[in-house]
Amino acid sequence: MKRDPQLLFLAAINLLILIGGAVMSRGAFVDPYNLQSMAGQLPELGLLAIGVMLAMSAGNGGIDLSGIALANLAGITSAMLVSEWISADTSPILFTVAFSAAAIIVGLAGGIFNGVLIAKLGLTPILCTLGSQLLFTGLAVALSGGPSVRVGSAEPLMEIGNGLMLGVPISFLIFCAVTLLVGATLKFTPFGIRLFLMGTNPKAARYAGFAQTRLLITTYGLAGVLAGLAGVLIASRNVNVKWDYGQSYLLIAILITVMAGVKPEGGYGRMTCLFLSTTALQLLSSVLNFAELSNFFRDCAWGLLLLVCLAIGRYDIGSLLRLPGRSVTLSSQRPPAPKQPS
């Protein structure tokens with residue numbers, strides 16, 4: 001942690017929010033039931049934020065704005081298709097497996113669609129994913145007709161979103177497992193090394209000789225899989241799925257990514273920081289709920305916080321946290337330069 005000031009900063013933010021919320025609510029904020037509730041709401045945002053981080057790490061202004069729209073489309077498509085063939089009441093386990101698989105496949109297809117447009121056609125990522133966001137939303141509206149679509153009350157599916165294992169929400173454990181898996185992939189596999197190299201220095205990546213087109217398609221495909229998995233968690237927490245669910249999730253997912261230290265220029269991303277950034281935003285959201293502030297104020301606060309984080313991100317947090325005069329002390333310990341002969 002001493003070598004990563006961003007990690008130290010996020011850990012301190014989490015601790016301060018916990019202490020502040022506990023003091024403001026006279027201990028109710030850190031009640032086990034409230035902590036379980038927060039942990040159950042966090043995974044949807046966290047999975048979408050990981051997808052945004054992967055796209056940002058690729059560099060060249062990469063970003064995925066279609067995450068929540070694709071998650072809603074995956075949930076609606078899966079609910080409508082699987083319900084036609086499998087009954088949630090008579091075959092709950094089969095329904096849960098089929099629903100989850102169909103949602104993830106839809107998410108993968110949407111992510112590959114984004115990746116092909118960006119890698120093959122050279123479209124600007126932010127404009128491409130903005131267009132695909134509108135496309136996915138339109139498809140979800142067309143399929144559902146506008147109203148929400150009932151998923152079904154399959155007990156295994158509902159258990160994923162609302163059940164507990166050893167006192168911890170199952171959805172939170174799934175998010176932790178995905179975080180560890182993606183973090184290990186980025187740190188220990190050629191995919192992660194090449195992704196960060198492409199974000200850091202595209203010219204060097206091109207001369208390195210690996211297939212950047214395939215790398216981009218794989219990156220956005222993974223973001224799509226995460227969106228599909230988020231769609232499964234959304235459906236498992238609610239009886240219904242709807243095309244306009246989580247309209248503010250996109251802004252919050254980008255905010256989580258920026259707070260984690262991921263720069264729009266690409267080339268960097270650390271899952272530990274993203275995990276702590278996600279928990280900090282969830283804790284802050286719960287504090288605002290305890291303060292009984294309106295959703296409009298919260299959206300305004302998220303936007304302001306995003307601008308502040310982007311502005312602070314232009315500076316080195318490590319240099320801001322260093323003790324003043326340290327460089328002077330180091331320079332004073334240097335041996336004097338030898339005198340030149342006259």
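Any idea what log10 I(q)/I(0) is at q = 0.08, 0.16 Å⁻¹ for the stretch 26-180, Debye with uniform C-alpha scatterers and no solvent? Scattering profile of the stretch 26-180, log10 relative to I(0): -0.29, -1.01. The rule of thumb for compact globular proteins, 2.2 N^0.38 Å, goes into the C-alpha radius of gyration of the chain 1.11 times. The ranking of Glu292, Glu44 by Cβ neighbour count inside 10 Å, starting from the fewest, reads Glu292, Glu44. In terms of Cα atoms, the Rg and Dmax of the stretch 223-314 work out to 14.4, 43 Å. Taking the chain as the region of interest, the number of lysine pairs whose Cα atoms are within less than 21 Å, with members eight or more places apart or on different chains, is 5. Close amide H contacts of Asn240 (hydrogens built in the peptide plane, cut-off under 5 Å, sequence separation of 5 or more or a different chain): Val151.
The three principal axes of the Cα atoms in the stretch 1-101 give end-to-end lengths of 53, 44, 21 Å, sorted in falling order.
In the calculated pair distance distribution of the stretch 103-243, what percentage of Cα-Cα distances lie above 24 Å? Across the stretch 103-243, Cα pairs with separations above 24 Å total 44 percent.
Where a number appears in this text, it was derived from the coordinates with a stated rule and is not lab data. The structure presented is a predicted model; accordingly, all values stated were derived computationally and were not measured. In this analysis, Cβ positions are derived from the backbone assuming ideal geometry, glycine residues included, and neighbour counts consider all displayed protein chains.
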